[in-house]
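The values are calculated or read from the model by the stated rules, or taken from the named source; none is laboratory data. If you're wondering where the values come from, they're calculated on a predicted model, not measured in any experiment. Note: ideal-geometry Cβ built from the backbone for every residue, glycine included; neighbour counts use all protein chains shown.
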Amino acid sequence: MKMKKTFTFLFSILLCCNLLAQQTVADEYQYVPIADNAEWSVNWEKFRTHGDTVINGKNYLKVYYQSAGEPFNFDFSKAIYCCALRNDTLQKRVYGVPKVSYESEYLIYDFSLQIGDTVTVTSIICAYGDLRHYTVKRVDKIWDGRLGTHELYDSDSLIMLNDNSLRKRILVEAAYPYHDEFALTSSWIEGVGSTRGLLSHTSTHYLEVDIPYNNLLCYAENDELLYFTEFDPDDNPDDCYSGGTGGNIKENERSSFRLYPNPSGQIIRIEPVENMNFGDCRIELIDLLGKQIYSTLFNDYMELDVSTYPNGFYYVKIVQQNKPLFYGKVIIQK
């Protein structure tokens with residue numbers, strides 16, 4: 001009887017500790033809303049939040065849109081007012097009021113979805129004043145055409161931005177509206193939106209081809225580049241526009257170093273591209289929780305032994321004299 005009570009007591013302690021740990025994790029990663037003075041580069045289009053407005057007694061962020069045939073700096077004198085976005089931080093949702101509908105509100109994002117949940121969301125096409133409605137489903141993995149045959153899994157649910165902040169990500173798919181056999185996929189990132197763009201959820205092309213009309217190239221807040229994708233439709237490094245109202249967004253040196261092979265379960269080689277010479281640098285290996293698990297100095301080239309680390313996604317950050325030079329993702333797979 002005494003042993004039973006002891007077991008019950010220990011079990012209760014373990015249960016409380018587990019609940020406390022879950023609560024701590026939940027408290028650590030709070031929902032991140034769409035920010036003011038943020039900018040999205042989507043192929044040859046740009047979007048920027050700037051200022052607020054009140055519609056039907058609710059506060060919204062105003063979104064401006066600009067399009068051009070080549071990389072450009074955002075210019076409000078050439079931009080058009082597109083829509084207004086409302087953050088519902090309690091429900092983890094984002095609503096939009098398009099300019100074309102004046103006061104009608106549509107659901108743009110729902111970050112409270114669980115695996116298997118479906119919801120109808122709306123894409124706002126600023127260039128044509130068009131609205132497109134899609135029923136999306138949260139899934140446990142997607143095939144991301146921007147990364148070739150690479151698959152994203154729901155377990156990879158946290159991503160790190162350039163400022164080392166962590167954002168939650170969920171994976172969604174939607175049937176192509178004209179051909180049900182084709183699935184259109186994207187990932188939603190809290191505070192950033194969809195990898196198809198701030199106001200778009202899908203591409204106009206099939207998954208098998210997946211050279212999409214809509215693809216988020218980079219995201220910035222207050223003219224600081226925080227996020228970029230590996231997708232580059234024409235191998236032009238200027239696609240991740242170096243612009244902003246202040247012209248202070250710096251292009252991330254994503255092409256300055258090459259990591260290979262990737263994935264790898266043994267050795268990952270790191271070297272500069274195009275015979276660039278960087279001198280003494282520090283490399284950091286960071287896990288998905290933002291914890292630095294390895295750090296060392298190197299000079300231009302090194303071999304990183306990853307054989308002792310568990311399989312999964314990791315981030316590589318290279319700095320020189322406290323200045324970030326490179327930021328990328330590697331996959332350890334044995």
**Asked** Of all residues in the range 270-283, how many are surrounded by 16 or more Cβ atoms within 10 Å (Cβ to Cβ) and either at pLDDT 75 or above or touching a helix residue (DSSP H, G or I) at 6+ places or on another chain (Cβ under 7 Å) (or both)?
**Response** 4
**Message:** Looking only at residues that are modelled with pLDDT of 75 or more and aliphatic (A, V, I, L, M) in the range 18-61, which one is farthest from PHE76 (Cα to Cα)?
**Reply:** VAL32
**Message:** Could you check the range 284-301 and list, in sequence order, the residues that are assigned to a strand (DSSP E or B) and either surrounded by 15 or more Cβ atoms within 10 Å (Cβ to Cβ) or in the same structural domain as SER157 (by TED's automatic domain parsing) (or both)?
**Reply:** GLU284, LEU285, ILE286, TYR294, PHE298
**Message:** Looking at the range 321-334 only, could you name the residues that are assigned to a strand (DSSP E or B) and exposed (fewer than 15 other Cβ atoms within 10 Å of the Cβ)?
**Reply:** LYS323
**Asked** Under the condition of being in contact (Cβ under 8 Å) with a residue 24 or more places away in the chain and under 19 Å from LEU131 (Cα atoms), which residue from the range 62-71 is surrounded by the fewest Cβ atoms within 10 Å (Cβ to Cβ)?
**Response** SER67
**Request:** Quick one: count up the residues across the range 62-80 that are among the hydroxyl-bearing types (Ser, Thr, Tyr) and modelled with pLDDT of 95 or more.
**Result:** 1
**Asked** Among the residues of the range 303-330, which ones are of a type in the set (Gly, Ala, Ser) and over 13 Å from ILE268 (Cβ atoms)?
**Response** GLY312
**Asked** Quick one: would you say LEU297 is within 24 Å of ARG196 (Cα to Cα) and either in contact with an Asp or Glu (Cβ under 8 Å, 6 or more places away or on another chain) or modelled with pLDDT of 80 or more (or both)?
**Response** no
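Condition check ((1) of a type in the set (Phe, Trp, Tyr); (2) in contact (Cβ under 8 Å) with a residue 60 or more places away in the chain; (3) outside any loop (DSSP other than H, G, I, E, B); (4) out of contact with any strand residue (DSSP E or B) (no Cβ under 6 Å at 6 or more places or on another chain)) across all residues:
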{"residue": "ALA35", "(1), (2), (3), (4)": "no, yes, no, no"}
{"residue": "ARG48", "(1), (2), (3), (4)": "no, yes, yes, no"}
{"residue": "ASN73", "(1), (2), (3), (4)": "no, yes, no, yes"}
{"residue": "SER77", "(1), (2), (3), (4)": "no, no, no, yes"}
{"residue": "CYS82", "(1), (2), (3), (4)": "no, yes, yes, no"}
{"residue": "LEU85", "(1), (2), (3), (4)": "no, no, yes, no"}
**Item:** Residue check for LEU199: assigned to a loop (DSSP other than H, G, I, E, B) and modelled with pLDDT under 70
**Value:** no
**Request:** State yes or no: is PHE72 of a type in the set (Phe, Trp, Tyr) and within 22 Å of THR195 (Cβ to Cβ)?
**Result:** yes
**Request:** Look through ASP156, ASP140, ASP144 and report the one residue that is of a type in the set (Asp, Glu) and modelled with pLDDT of 85 or more.
**Result:** ASP140
